[in-house]
1. Just the residues that are surrounded by fewer than 21 Cβ atoms within 10 Å (Cβ to Cβ) and either touching a residue at least 40 places away in the same chain (Cβ under 8 Å) or of a type in the set (Val, Ile, Thr) (or both), please, taken from segment B:431-460.
2. Please identify the pairs in which a residue from segment B:7-20 that is within 7 Å of chain A (Cβ to nearest Cβ) has its Cβ atom under 8 Å from the Cβ atom of a residue that is part of a helix (DSSP H, G or I) and not aliphatic (A, V, I, L, M), counting only partners at least 6 apart or on another chain.
3. Considering only residues that are touching a helix residue (DSSP H, G or I) at 6+ places or on another chain (Cβ under 7 Å) and farther than 12 Å from residue C:125 by Cα, which ones fall in segment C:48-64?
4. Of the residues C:132, C:96, which single one is more than 29 Å from residue C:201 (Cβ to Cβ) and of a type in the set (Asp, Glu)?
5. Condition check: out of contact with any His (no Cβ under 7 Å at 6 or more places or on another chain), surrounded by fewer than 21 Cβ atoms within 10 Å (Cβ to Cβ) and away from every other protein chain (no Cβ under 11 Å). Does residue C:79 satisfy that?
6. If the requirement is being in contact with a strand residue (DSSP E or B) (Cβ under 6 Å, 6 or more places away or on another chain) and among the polar types (S, T, N, Q), which of these qualifies: B:350, B:393, B:447, B:388?
7. Taking residue C:164 and the conditions (1) in contact (Cβ under 8 Å) with a residue 40 or more places away in the chain; (2) in contact with a Gly (Cβ under 9 Å, 6 or more places away or on another chain); (3) of a type outside the set (Ser, Thr, Tyr); (4) outside any helix (DSSP H, G or I), which numbered condition does it fall short on, given that it satisfies the others?
8. Hey, does segment B:178-196 have a residue that's free of Cβ contacts under 8 Å to residues at least 60 places away in the same chain and within 19 Å of the chain's Cα centre (by Cα)?
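The values are calculated or read from the model by the stated rules, or taken from the named source; none is laboratory data. None of the values given here were measured: they were computed from a predicted structure. Here the Cβ positions follow ideal geometry from the backbone for every residue, glycine too, while neighbour counts run over all protein chains shown.
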Amino acid sequence: MALGAGWLAFPRVLYRSRPQPVNFSHKIHADKAGAKCEDCHSFRDDGSFAGMPTLDKCSSCHAAPMGTTATEKSFIDDYVTPNREPQWAAYARQPENVSFSHAAHVKRARMACKTCHGNTGASDSLRPYQIDRISGYSRDIWKIPGRPHGMKMADCVSCHRQKGLEHSCLDCHK
Amino acid sequence: MKTNRREILMFAGGSAVGVLFTPAPWRLITDTALWSENWPGIPAPARGEIRARFTNCSLCPAGCAVRARCVGDQPVQLSGVTGHPLSHGALCPFGIVGHHLPHLPARVKEGPLKEAAAALADGIAKCGPAESVAVLDLRPSRTASWTYRRAMAALKNGRYVTPSGDTSVAVDLSKARTVLSFGVPVLDGWGTPGNVNAARTGFHLIQVDPVESRTASMADRWLRVRPGSEDALAQALAGRITHAAAADTTGLTVPEIAALAKELEQNGPVLVLGSSRLASGSGIVIARRETPVPEEWKKAAPAENLASLPDRSVRVLMIDESASAEYLSWNAIEKKLVGDNPVVVVFACSREGYARHANYVLPVGVYPEVADDIPPAIDSVAAMFRISAPLVSPPAGMVKPEEFVAAAAALGIGDTLRERADTIHKTGRGKLFTYADAKSQALKDVSADNFWKALNAGGCWIDELDSKPSPARLTTVAPEVRPAEESELPLAVVLTHELTPGSPLLSKLYRESNLRLAPGRVALNPSCGLDDGAPAVLETLLGKCRVGVTLDAAIPPGVVQASASPALLDLCAAGVRAKVVRV
Amino acid sequence: MTSANKSIRAARYGMTIDVDRCNGCGACMMACAVENNVPPAHEGATDRKGLTWIRVFKVDNGEEYPDRRTAFVPVMCQHCGNETPCVHVCPQQAVDVDPATGVVGEMPQRCLGCRYCMAACPYHARYFNWWDPAWPAGMEKTLNPGVTPRMRGVVEKCNLCHGRWHAAKEAAAAAGKPDTEPVDYTPACAEVCPTAAIHFGDLNDATSVVAMEAGKAESFRLLERLNTQPKIYYRSKRDWVREIAAAPQPGARKEKARG
């Protein structure tokens, strides 16, 4: 019974789930618009990562409907027209005390986006954002099959250790 | 099935062991640890694109150039602009936290606008033949100051009043070989700190100070005189009294005074600060050319000193306390007001100053919310024009003093800063220095529009130097010496000045260390018998006010060093006597 | 921590502070507090319970006027290089010495607040959060995103503006520079000092200002006899300042250090 409770019921209770504001399809944008990851998720001039694109990026193409889906129409009605920023939930958002540099991983280490973010680029919809009720952290940051869920430091450290890049705590903490 | 205690215990035990094989307890432990790190109520800084924006600091006449590191448009960090010809990239501790001022907890957020306007109109109408309507401008020579002058000229009995002191006089530090300062904080906030630091190795500094001020500790020589006796030393150096008489009053020795006189003679040219008895060496103190103004503005009321107004003659007084400036003791102002129901309107962001005495307090924007220009500092030989361009928006309901006063006088005004910039541009003189690229270019190579844009995005205009500047004299504001100097009050007051209002973060300097003395605190020698940190009352012949006490063995017995706050300044000026007692 | 690490050119970031130039204005203290999201004093705070990652002390030579001389000495974490006391005593390994930069980095996230490190630090350069940080309403908009605010119950100290180091590293990565080279950045106190009394650089780089100044005769370090090998060098032409920095046993001199 305890085993059942621990393995089955506990995860359901522990996480709170909410859907993303718009059911965005990466696949459509990759196929039809020919967009690559960095077209919307870009670096700024000082090397910092811009993260989630802001509304002006979407409005630059979607000022008027480009397709026929209901999702797009409600996006234009709810966000583009009233000029309201969608409140995206970033699955991989790091805690406040972590300093993660995309430039170091993408530009220096030349890692592919999928290595950490899985096949998000090929997904047709956005999975719900699950948040751990106690710690407040996102559950599913990797979306890589076989990669453990959650955001433990050990996950980052194991890769760093393999590459011989473990110098000091403050390399990644701020 | 009948459950008995044994079965329950076995079930519980089995579950406890079983649950250890599930992720639940381990997860609970780590999640609780994570929860304890991310304490609710600890704010998370906003993220966003980091941008640099530029402006000029309007907290003091230096008007240092400021580079603001912003997240989006919100400044999060201020520093100086390297390469600036006057401020040389320096920014003082008050300027560094200037971006906190919009969030001061005790800020004046609203005021009786309509009632004040009505009272003003009423007072102006009731003004008798010998009475006047006055604007007291605590930071004269700004563009807004010209609007006040024009407004007062438009009124029948309008007068434009400033604290005494001539803002058109400039000091050329580079020409001084010796600087003799009578209590002036040359190395601690005088002039433009960046400029003073850059010129420091070029002059020998002799500081005359009753206590070891920051400037005295850094000076080449410190002469400790008894408080209030600085003038005696100046008289001796001017040859009006003997060295022996001066030694008697000041507490210095005759050889010290003789050596000083010899040094001044041999190591000129000398710049004298803080005493108008001694003239500075030739070419050091000059009349600065005025920053150009539109010709139509010159039909304006002249600037009058507060002291020169007849007593009991001002029926309506508007005080512009919006730009940070030195606080004039209320007594000096009060005696100029008529006896029966004068109307006093003050534009202020803090209730600590004239708001305590005014009928109406109207809220204003603070640095860096409002556009205002900063007249050239005393150590700027060239005329300048620089705008403190706003970095954030002021809250709703703030009053613009310039517009309010103009409306009260029924004077129509446009964008006065733009008009002035255009007038300067027409002269084609001087250079424009832009902060983003730290480059200087001749004004005539810039279009009027680009000039205006540059001034608002971080830049300043520096005039050509006068080839033959006319000499001028530095007038010193004589401290209001109270009568009956032989009072029983045991302590002589020495004042220090901090820039107010200031960010709450200044607690690092005031409370979390003993580096500076907070406004409203006094420092006394431990022999005074009071406890460090104790609340106390300072009493002078004019009244009492509460102060905090800091014990400092460097303060001589018989002296109280008071860090000026408006309440303290209402009670005393340098040279007055006081006593400090436990509450 | 250093298992088979890639070889990097290790830096030893340090400072040289000219005590003769410091005028005690406190600009460094303010810039540090702004950069590192240090909150304003709580109501109960005094100079013993405050958070001043860098603190300027006023020292004098103990004489009376006219022989009295005063100096101002800014003190922050000295980033001890040898047998770093705080690293030794921490039960949580919440502080470590970075072999790549020499910076002694404090991790408030790991700290459990025992304050053993505060007792161990001979320079009194570590500060405890006695209270939760509180900023006046609206002022939290001015917080620096490069540094995380701390909660109560943890120790914090100067880490040579590591937030700026991260930003400089990121800019270097974006610009394609190799990660084996130390990054070029300036901590807030050095950047803002109006008299240019504080200089920062890599002590391992013989051409840097700090390395050259550190080697000069007027340079000294605080409490050198403890052999903590701090990386903050001070310089002064005045002997009495050097003697105070060496802090001989009480009673040996008349000097009084207050601050």
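1. Answer for segment B:431-460, where residues must be surrounded by fewer than 21 Cβ atoms within 10 Å (Cβ to Cβ) and either touching a residue at least 40 places away in the same chain (Cβ under 8 Å) or of a type in the set (Val, Ile, Thr) (or both): B:434, B:436, B:438, B:440, B:446, B:456, B:457.
2. That search, which allows pairs on different chains as well, returns B:18/A:6; B:19/A:6; B:19/B:25.
3. C:59, C:61
4. Criteria check complete, one pass: C:132.
5. No; evaluated as a whole, the condition is false for this residue.
6. After applying the criteria, what remains is B:388.
7. So residue C:164 meets the others, but not (4).
8. yes
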